[in-house]
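A short write-up of the structure that comes next.
The values are calculated or read from the model by the stated rules, or taken from the named source; none is laboratory data. Since the model is a prediction, treat every value here as computed from it, not as a measurement. Positions of Cβ are generated from backbone atoms using ideal geometry, with glycine treated the same way; all protein chains shown enter the neighbour counts.
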Amino acid sequence: MSNNDTLAVRDLSIEELSPGMFASFDTLLGRSKVDEFASLTGDVSPIHVDPAYGEGLPYGGNIVHGMLTAGHFSTLVGVLLPGRRALLSSLSVDFQEPISVGSKVTITCRIVSINVGASTLNMNLVALHEGLICARGQAIVKVRP
């Protein structure tokens, strides 16, 4: 997949899933997305939204909100793997590297294990920019019938 604006929603049942299944997509975390996220959440920290402030940062400019990046993990689960039957039950995320505004990021997930009786998945999630892991997470996903 190349852009989360064009992703088709999948519909995989618990029986159709298996450990090792993988999904990913690329997204551009540009100024408009950062500004929209800031407006929606109220997180208007200058580290994210003030270009003059960003010029003085060691990153060479403003950085993307960590939670905007992590929000794309929800896209993976609810759209691609497993898709429409998914209910994100638990998510933990470690932010490892900042992402500069305007960066293309690859969002990935892999099923680690499945509990068929409880209809749940344990998933690993990763956000990559230029080969660096920027965010890493774990999710438990309920797969509805």
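Within region 94-108, the residues that satisfy the criterion of being more than 15 Å from Thr75 (Cα to Cα) and touching a helix residue (DSSP H, G or I) at 6+ places or on another chain (Cβ under 8 Å) are Phe95, Ile99, Val101, Gly102. Within the set His72, His65, His48, the sole residue that is under 14 Å from Arg31 (Cα atoms), under 13 Å from the mean Cα position of the chain (by Cα) and in contact (Cβ under 8 Å) with a residue 12 or more places away in the chain turns out to be His65. Taken over region 70-95, the criterion of being among the basic types (Lys, Arg) and either within 15 Å of Thr108 (Cβ to Cβ) or surrounded by 15 or more Cβ atoms within 10 Å (Cβ to Cβ) (or both) is satisfied by Arg85 alone.
Restricting Val49, Val34, Val112, Val93 to residues that are touching a His at 6+ places or on another chain (Cβ under 7 Å) and among the β-branched types (Val, Ile, Thr) narrows the list to Val34. Picking from residues in region 25-44 that are of a type in the set (Ser, Thr, Tyr) and in a helix (DSSP H, G or I), the one that is farthest from the chain's Cα centre (by Cα) is Ser39. Give the residues of region 89-135 that are outside any loop (DSSP other than H, G, I, E, B), touching a residue at least 40 places away in the same chain (Cβ under 8 Å) and closer than 23 Å to Tyr53 by Cβ, sorted by residue number. Those that are outside any loop (DSSP other than H, G, I, E, B), touching a residue at least 40 places away in the same chain (Cβ under 8 Å) and closer than 23 Å to Tyr53 by Cβ: Phe95, Ser100, Ser103, Val105, Cys134, Ala135. Within this structure, Gly54 fails the test of being buried (at least 18 other Cβ atoms within 10 Å of the Cβ), closer than 30 Å to Ser119 by Cα and not basic (Lys, Arg). Within region 1-24, is there a residue that is of a type in the set (Gly, Ala, Ser), at pLDDT below 95, within 16 Å of the chain's Cα centre (by Cα) and outside any helix (DSSP H, G or I)? Looking for residues that are of a type in the set (Gly, Ala, Ser), at pLDDT below 95, within 16 Å of the chain's Cα centre (by Cα) and outside any helix (DSSP H, G or I), one finds at least one in region 1-24, hence yes. Within the set Ser113, Ser103, Ser119, Ser89, the sole residue that is touching a strand residue (DSSP E or B) at 6+ places or on another chain (Cβ under 7 Å), hydroxyl-bearing (Ser, Thr, Tyr) and on the phi > 0 side of the Ramachandran plot turns out to be Ser119.
Selection of region 1-57 for residues being polar (S, T, N, Q) and under 30 Å from Lys142 (Cβ atoms) yields Ser2, Asn3, Asn4, Thr6, Ser13, Ser18, Ser24, Thr27, Thr41. For region 90-136, the set of residues classified as among the basic types (Lys, Arg) and under 27 Å from Asn62 (Cβ atoms) consists of Lys104, Arg136, listed by residue number.
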